[in-house]
1. Along the charge dipole of chain C, Cβ charges K/R +1 and D/E -1, which of C:455, C:48, C:38 sits furthest on the positive end?
2. Restricting to DSSP loop positions (anything but H, G, I, E, B) with no more than 15 other Cβ atoms inside 10 Å of their own Cβ, which GluC sites (Glu not before Pro) remain in the stretch B:50-113?
3. If each of residue A:26 and residue A:155 carries a label point 7 Å out from its Cα toward its Cβ, how far apart are those two points in nm?
4. I need the phi-derived Karplus couplings for the stretch C:91-96: 6.51 cos²θ - 1.76 cosθ + 1.60, θ = phi - 60°, integer Hz, Gly and Pro marked x.
5. Roughly what angle does helix C:450-462 make with the longest principal axis of chain C, taking Cα atoms, 0 to 90 degrees, to the nearest 10?
6. Could you give the size of the charge dipole of the stretch C:185-292 about its Cα centre, using +1 on the Cβ of each K and R and -1 on the Cβ of each D and E, expressed in debye and rounded to the nearest 20?
7. Stretched out fully, how many nm does the piece from residue C:412 to residue C:353 gain, at 0.36 nm a residue minus the Cα gap?
8. Take A:66, B:102 and order them by how many other Cβ atoms sit within 10 Å, fewest up front.
Amino acid sequence: MSVIAPILAKPALAAAPKMSDTTYRQFRQFIYELTGIYFQDNKKYLLEGRLAKRTQALNLADFESYLQLLRSGIRRNGEMRFFFDAITINETFFFRNEPQFEAFENPLVPSVLSTKGTGAKRLRVWSAASSSGEEAHTIAMLYLERLKPRYPGLDLEVVGTDINTSVIDIARKGVYRDYSIRNTPKMYLDKYFRTEDSRFHVKDEVRKHVRFEPLNLFDQTRMRQMNNFDIIFCCNVLIYFDQKSKIQVVSNLYDALTRGGYLFIGYAESLHGISTAFTLINFPKTVAYQKE
Amino acid sequence: MSSVVLVVDDSATVRKFVSVSLSMRGFEVIAASDGMDALEKLPQRRVDLLVTDLNMPNMDGFELIRALRDNAEYRDLPVIILTSQNDQASRDTGAKLGVRSYLVKPFSLEMIQYEVSKYVSWPD
Amino acid sequence: MNEELRQSMAALLADGDPDVRRRAAESLSTDGGFAAVSALAAALQDESKGVRDAAARSLLAIGGGNVARAIVEYITTGNITTRNLAADLLVKIGARGIPALLPYLSDKDRDVRKCVVATFGLIGSEEPVPHMLPLLDDPDDNVVMSNVEALGNIRSVSAIPFLQTTYERYQATQATVAEALGKIGDPQVAPFLLARVQECTASGGADPVTLFALIEALGTLGDASALPLLSRQVGAVKGKVRSVLLHTIMQISERAGAVIPPTMGLQEDFVRALRDDDPQVRLSAAKWLAAFGDSDCLPVLLAALGRSAEVDAVLLESLGNRPGYFPAVLAALESVPPASRKTVITLVARLTMNVIGRIMRRDAPEFDETWFGQAFESISRMWETADEETRAVIVETLFRLDGDRALEFLDQIMSDPDPWLRMHVIEIIAAIDDRRAPVFITRFLADDDEMVRELAMSTLQSKGYALDGSMEERQS
């Protein structure tokens, strides 16, 4: 019965300092007003864990003091980027949603180009909530591999944005681990990555088509500066918003598109009840939303 | 494997009763509340037949059918219209969109089962 | 009217660029004045979807009776898109729009009357009910049916006697009336429903949809006196009707504090009901199967895990109390659908606790030492391909199965070069109820990566530990 003894021998632990429900609600409201992200009741433990680190780093006595600082302290501006980093979730990998990329290659891009007319020189794509950049780099690779041969005069600009600045830093470096490339076809891996010390470096010819910037999707002023995108990918981020914020963000995305441009959202996500401005187009295993 | 029918109607009662009527015959029924909901659900399941209302919010029945006809993937999906609209103009629009079954509510169990059976076979 | 407003309205109505019109529509969302509302209402017919969408949102933001009055006539237009858009908006505007809609109850177009009653049903207020009741005798069947449905949606108790009369008068409406009565939820209606079930089953040629609706309604209203009749019907009905019948029997029994005996060969029926599209039917089936099902139904139960919190709670509770299931659950683990895997691993953790408890009470003769070892191996293999939440459950379960071995396993993971992964594991371990957890975390105070070091430190401090992993006295 040696298996049992160690299990039986553990004592109960002292309880860690917790965030009160009132404070949690205040944080929730604060985060919501700032970013549109809504923390459900059952995610309190997550916020506690992630903010404890910041509270410690700033030598503050409790969570309430941290909230106070975020609201009005002198150190507020410098702290914001760490705060955003702490509250966001970053799971992504290359070639994550193949049906979308297939539809992107054909017929979306040809359709966009035909709307723009002959002589169209540049395609602009926005990877909103780009996290560590896998999606944005995937798009650039697809362009090099499948689109550029067909449209030699066409340039591509991909803009990747995220509220979380640490992942923006990672995206700008373009260096990835096993976990990120686990779904990548070998041909792409060989052709567009350089392997070094079991890390995968995205090649410069890909990276030159992509740039990354911090951006809060809920920041109206900054969102209004995003314009003239032909295709927008906004995958797996709307789920963090409540109904009202989704409506605002999606309305901004519509405005950011060119006529005839397309929006992709995540698999099993929906714009039902969020917007009727788009025309829905079906593809094998995926859906895109077109601005007429 | 049983055939899958997608029922599209903004009335929850209609969705439920059509579903009961068809599943009694061994069909698998999935439901959507309007055209937009239906188009968003289509990529997630193979569907053999569509039964749709006409008057619905977000995207009406004709707009839904037009979107399907414009799409190579769903062009040949059989469609049954099930509606309380009984005017000639609506019937004509349906016919022009290639819809061969136009059922007028209120519907009976037998009526819906019979019409569906023209397009998809009974499971054994 | 100020200049800016005038310009927005002019743009909305006349600018050639739909993006300009759309922005104009959006900018009018705070102005409730008559002119702005009229302009927005007209924009509901704009040729651009984007403009219509913005106009609808602005009208909704303004809300109230004025907006309802401005758009209500659109429910009579021949343009199906405009009609549906207006109807949808009127639902969202709510009770303040009721006065604007009332006159249309007597419109000569039956589609308009139908639209109005349906809208009232979705608004949900009792206010228009007295005006709706006469339309239970409307010359058009569809108006009557929509009206019945609407009265059910409103949950109008005052409509009950009228609905019962409608049931008796118009056969085509029976299923809809039964459903409405069930929604209204007044238990005094139960004898009426039961008598109708009796009629249906006695005559033999009953409409199955009507029978379905009657039985479903009894589920919410019926009491124990209904059980004998209902139980007798189980063999006489099939498929979905049988599933709902079993669900109704379960609901009534629960309310009455009775228990359905595990006889009558019902297991197969409940297994089928577990796949019904109604989540409440699935929950009832899960309850019965978890309590009375034998090991044959275990694979089906496990596959049902991870889809609904309610069903999970029921199944984890009762299956977790059947330690004899441990080997079967483990065997099934590899083959459950991915959506169920996380919850099945949680179940293994529960079973483990249950077994340990029994061992301590010397009440576990069937326990086999190899169970925990095998479980450990199976579950640790799932780490690679698991998502964040599943990984948290895996680590917790591994600790329950074998704490020391879990630490070795974590050692391997922590040698992964990815700092995000190491931080994630620290977060998971911080939540584990085991005294070795903080000691493990101390190793990362010397990690290569600054973020990892900071997280380790703050985790230890927030849990009240000194930096060597021993417990600190906390000053209260």
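Derivation of every value follows stated rules applied to the coordinates shown; laboratory data play no part. None of the values given here were measured: they were computed from a predicted structure. Glycine also receives a Cβ, built like all others from the backbone with ideal geometry; neighbour counts cover every protein chain displayed.
1. Selected residue: C:38.
2. Loop-located and lightly packed - B:73.
3. With each label placed 7 Å out from Cα toward Cβ, I get 5.1 nm.
4. Taking θ as phi minus 60°, the curve returns 4, 5, 5, x, 4, 5 Hz for the stretch C:91-96.
5. 90 degrees
6. Numbers: 10 positive and 11 negative charges, 51 e Å.
Rounded to the nearest 20 debye, it is 240 debye.
7. On the way: separation 59, 0.36 × 59 = 21.24 nm, distance 2.56 nm.
Result: 18.7 nm gained on full extension.
8. Values: A:66 24, B:102 19.
Lowest to highest Cβ neighbour count: B:102, A:66.
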